[in-house]
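Here is the structure we will look at, set down as structure tokens.
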Amino acid sequence: MPDIMPVTLRDEYVALEPLAIDHIQALEAAAADGELWNLWFTSVPPPGQMNTYVEKALAAQAEGRMQPFVIREASSGQIVGSTRFYDIEATVPRMAIGYTWYAVRWQKTHLNTCCKRLLLQYAFETVGAASVQFHTDGYNVDSQRAIARLGATQEGILRAHQKRPNGTVRDTVCFSILASEWDGVKRSLELRVERLTAPGSGAR
């Protein structure tokens, strides 16, 4: 399995760039669009804590446990959110995709599908992953629906699995896509991107 190294992934709609300290101010601006830190089932840091958020992600990257990205929308050039690989396990190999958030104006657009297509393609076609997993809060129904639309299969629920940022304990809903399923998922994602970005679709 190739090492998972910082890399930029891009298509005509979005670029996923390796997270860096220089991105802190732009990430703070993106998080402020909708005050995302008030969503208790997400991990978006409140004002003044983005620096710590980025430093922790970069420390995990240095340890080989995560590969974090910023999300840059192509037409505007603006950073509009963040995502990452985590729970990287080289011996299987496998990883999870998560810690994903977008400025409110880019939620429920084509961007999430574009980002997931880039990440999954890199995981399966470059890294050679056997599976890619997704984990989300049991109360985050929108996230569960979005993951299912990608073509992932729900595997189960880990009850009282981990603490939320507000200190409450969450159930974690687990999904996965296997390497043997990637070709079908890829075709579905490509069709979805075409539909979401077609003239008149409302995509930005």
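Read-outs: derived from the displayed coordinates by stated rules, not from any lab. Everything quoted here is computed from the prediction, not taken from an experiment. We place every Cβ from the backbone using ideal geometry, glycine too, and count neighbours over all the protein chains shown.
Computed quantities for the displayed model
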item: GNM top mover of E28, E73, E63 - the chain, alpha-carbon springs below 10 Å; result: E63
item: Scattering profile of the chain at q = 0.10, 0.12, 0.15 Å⁻¹ [log10 I(q)/I(0), Debye over alpha-carbon scatterers]; result: -0.40, -0.59, -0.97
item: GNM top mover of H161, H23, H135 - the chain, alpha-carbon springs below 10 Å; result: H161
item: Residue among T113, P68, G48 farthest towards the positive dipole end of the chain, charges placed on Cβ; result: T113
item: Other-chain or far-sequence residues with amide H under 5 Å of A74's (modelled H); result: V14, A15
item: Relative packing of peptides 174-184, 102-112 - highest average C-beta neighbours within 10 Å first; result: 102-112, 174-184
item: Whichever lysines have a C-alpha closer than 29 Å to that of K56, once near sequence neighbours (fewer than 8 apart) are set aside; result: K108, K116, K163
item: The stretch 144-204 shape via C-alpha gyration tensor axes, a/c threshold 1.5; result: oblate
item: Spatial separation of Cα centroids for the stretch 156-204 and the stretch 1-61, in angstrom; result: 18 Å
item: Theoretical ellipticity at 222 nm over the chain - DSSP helices of four or more residues, -39500 (n - 2.57) apiece, nearest 500; result: -8500 deg cm²/dmol
item: With 5 Å bins from 0: P(r) over the stretch 38-122, alpha-carbon pairs, percent; result: 3, 12, 22, 25, 20, 13, 4, 1
